[in-house]
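Notes for the one structure printed next.
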Amino acid sequence: MKRYIVGLGEALWDVLPEGRKLGGAPANFAYHAGQFLGCDNTIAISALGEDALADETIDALKEH
């Protein structure tokens, strides 16, 4: 049976003086839990709008 680590909730952009950084506790949890456990089956689930930042969010999550 395949098991997954799921982070369910907001994905958001932290706007810092050095630039934007993708954040949100659920997305961070899924990413770091997968790194810690060496698991490729991690998923971040969040609602997104239909704009450039939503597209950027999807690209960033796919990259990591």
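The values are calculated or read from the model by the stated rules, or taken from the named source; none is laboratory data. Everything quoted here is computed from the prediction, not taken from an experiment. Every residue, glycine among them, receives a Cβ derived from its backbone with ideal geometry; neighbour counts consider all protein chains shown. In case anyone asks, the SASA skips ligands and DNA or RNA and just uses the protein heavy atoms, side chains included. Shrake-Rupley method; radii C 1.70, N 1.55, O 1.52, S 1.80 Å.
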Exercise for the section: Rounded to the nearest 10 degrees, what's the angle between the helix 52-63 long axis and the longest principal axis of the chain, both from Cα atoms, 0 to 90? Expected result: 30
Exercise for the section: For the chain, calculate the relative contact order in percent as a whole number, restricting contacts to Cα pairs under 8 Å that are 6 or more residues apart. Expected result: 35
Exercise for the section: Springs between alpha-carbon atoms under 10 Å, Gaussian network over the chain: tell me which of ASP40, ASP14, ASP51 tops the mean-square fluctuations. Expected result: ASP51
Handout entry: Positive-pole candidate from CYS39, GLY7, ALA54, dipole of the chain, charges at beta carbon
Key = CYS39
Problem - Nonlocal amide H pairs with VAL6, under 5 Å, H built at 1.01 Å - result: ILE43
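Counting Lys and Arg as +1 and Asp and Glu as -1, each charge on the Cβ, what is the dipole of the stretch 24-64 about the Cα centre in debye, to the nearest 20? Working shown, then result.
Values: 1 positive and 7 negative charges, 59 e Å.
It comes to approximately 280 debye.
With a 1.4 Å probe and every protein chain left in place, work out the accessible area per residue of the stretch 11-64 in Å², rounded to a whole number. Don't skip to the answer; put the middle values down first.
Values: 3990 Å² over 54 residues.
Ligands and nucleic acids excluded, the figure is 74 Å² per residue.
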Completion exercise
Here the Kirkwood hydrodynamic radius of the chain, Cα-based and in Å, equals 12.3
Exercise for the section: Give the carbon-plus-sulfur fraction of the accessible surface of the stretch 3-64 in %, rounded to a whole number; probe 1.4 Å, heavy atoms of protein chains only. Expected result: 55
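By how many nm would the segment from ALA47 to LYS21 grow when fully extended, if each residue of separation counts as 0.36 nm and the alpha-carbon distance is taken off? Could the numbers behind the result be given before it?
Numbers: separation 26, 0.36 × 26 = 9.36 nm, distance 1.79 nm.
Extra length available between ALA47 and LYS21 comes to 7.6 nm.
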Problem - Backbone N within the stretch 12-26 under 11 Å of label point (7 Å from GLU56 Cα along the Cβ vector) - result: 13-16, 19-22
